[in-house]
Ligand code: PLP
């Protein structure tokens, strides 16, 4: 047997890890209702036609070569225009690096900023790769509290307390996965100020910037004056291009503090050659084309959000804060620690008994996620109804 490294053996990714058990049950004939993965294209959403057409044309016209490692100039320009117009962020094409999804961006960025024992502050609960990659590169992800009773807004005092001499960066995910929280402007301002005071980098994941159910999204780089921000964004959600793997990061760097970091990330892009050229062409077309599908997505999701929150809050032993963005709910389950030993046990039993597949909250952070679960609100209401009926029965039988 060849031995794999400890750093790869210890990788966990709850969202996909739970799938293996569900697949096994499915093979045995059980019907599974998938509420575990944030991929709209697996439900009744699909890439807009004009973007599909742009991809097909890009291939037919012979754009089948390697692109420049940092991204196609036309896409980097289009990203700057989008960030300016939509989020009020002023950046130049050379501040943008195109990645194969934010996922690759997280990997590259963490590789560039995390040395052994370095600490990165992540929201608790968080999108798991922000913990996994920090650990992978020998650092430590330290979660700061986000407060359920306040719609999962970050607790700034807790964040402040957790800054140490080893802290390198603060991660914000706004709107948040898994909680759906849309951060108040003053919360983003205070985080940016705190980072400025302690000479820390802010990493702001804004992949759900346009999937919001009320006004008020504010980009960290729009607020930051002299504080350096790395913005992370992509095409998976807003443009329904999950499987195409396209994203970007940008460096908001008014005082030139990120020059070395930017250069090192650029070097990382070179060793993996480039993101897909035709997909980048389609990405540029996506940004420049009609944007009305975004409103259609959010209107559809808002109805599903309203339905989900109402149903979950009617189930005995369950409560759910109202998400204001993204496409998840993160309800609390009474009885974890007594009726079920862990939230993982809750998830497993729910799956076994009903076929409803959700992700246990501790997969998003042991401290602040435990006792909860994440479900997507992407399926049509009729499908959500079936899933929540099962959930309700399951909770009643457990009484
Ligand atoms: N960031 C957040 C907050 C997400 O929720 C997701 C996907 O669920 C990603 C990044 C991954 O994005 P991409 O498809 O661009 O890799």
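The values are calculated or read from the model by the stated rules, or taken from the named source; none is laboratory data. Being a predicted model, the structure only gives us computed values, none of them experimental. FYI the Cβ positions are ideal-geometry reconstructions off the backbone, even for glycines, and counts take in every protein chain you see.
Annotations for the structure displayed:
- Counting the residues of the stretch 5-35 that are outside any helix (DSSP H, G or I) and over 26 Å from residue 328 (Cα atoms) gives 4.
- Condition check for residue 85: more than 16 Å from residue 280 (Cβ to Cβ) and not assigned by TED's automatic domain parsing to the domain that holds residue 266: no
- Filter result (out of contact with any helix residue (DSSP H, G or I) (no Cβ under 8 Å at 6 or more places or on another chain) and within 16 Å of the ligand (Cβ to nearest atom)) within the stretch 320-346: 324, 325, 326, 328
- Annotation: of all residues in the stretch 216-251 being more than 14 Å from the chain's Cα centre (by Cα) and part of a strand (DSSP E or B), the one that is surrounded by the most Cβ atoms within 10 Å (Cβ to Cβ) is 230.
- Complete set of residues in the stretch 195-215 that are part of a loop (DSSP other than H, G, I, E, B), in contact with a helix residue (DSSP H, G or I) (Cβ under 7 Å, 6 or more places away or on another chain) and either closer than 18 Å to residue 99 by Cβ or within 16 Å of the ligand (Cβ to nearest atom) (or both): 207, 209, 210, 211
- Residues of the stretch 88-123 classified as part of a helix (DSSP H, G or I) and more than 16 Å from the ligand (Cβ to nearest atom), total: 5
- Contact map, the stretch 375-391: first residue more than 19 Å from residue 333 (Cβ to Cβ), second residue in a loop (DSSP other than H, G, I, E, B), Cβ cut-off under 6 Å, separation 6 or more or different chains; pairs are 378/43; 378/327; 379/43; 380/44.
- Matching residues, the stretch 68-85, being surrounded by fewer than 19 Cβ atoms within 10 Å (Cβ to Cβ) and more than 28 Å from residue 199 (Cβ to Cβ): 68, 69, 73, 74, 77, 81, 85
- The residues of the stretch 145-168 that are touching a strand residue (DSSP E or B) at 6+ places or on another chain (Cβ under 9 Å), more than 16 Å from the ligand (Cβ to nearest atom) and closer than 27 Å to residue 313 by Cα, listed by number, are 145, 147, 148, 153, 155.
- Boolean, residue 38 is within 24 Å of the chain's Cα centre (by Cα), assigned to a loop (DSSP other than H, G, I, E, B), crowded, with 19+ Cβ neighbours inside 10 Å and in the same structural domain as residue 108 (by TED's automatic domain parsing): no
- Contact annotation: residue pairs with Cβ atoms under 6 Å, 6 or more positions apart or on different chains, pairing a residue in the stretch 226-243 that is under 14 Å from residue 97 (Cβ atoms) with a partner that is within 8 Å of the ligand (Cβ to nearest atom), are 232/102; 232/105; 232/205; 233/207; 234/101; 234/102; 234/207; 234/247.
- Residue check, residue 165 surrounded by fewer than 18 Cβ atoms within 10 Å (Cβ to Cβ) and not in a helix (DSSP H, G or I): yes
- Only one entry of 142, 192, 188, 171 meets the criterion of being within 16 Å of the ligand (Cβ to nearest atom), free of Cβ contacts under 8 Å to residues at least 40 places away in the same chain and buried (at least 17 other Cβ atoms within 10 Å of the Cβ), and that entry is 188.
- Test for residue 283: is it touching a strand residue (DSSP E or B) at 6+ places or on another chain (Cβ under 7 Å) and surrounded by 17 or more Cβ atoms within 10 Å (Cβ to Cβ): no
- Per-region count, the stretch 252-273, residues assigned to a helix (DSSP H, G or I) and touching a residue at least 24 places away in the same chain (Cβ under 8 Å): 8
- Scanning the stretch 236-252 for residues that are more than 10 Å from the ligand (Cβ to nearest atom) and closer than 15 Å to residue 55 by Cα gives 239, 240.
- Residue satisfying condition, being in contact with a helix residue (DSSP H, G or I) (Cβ under 6 Å, 6 or more places away or on another chain) and at positive phi, within set 247, 317, 256: 317
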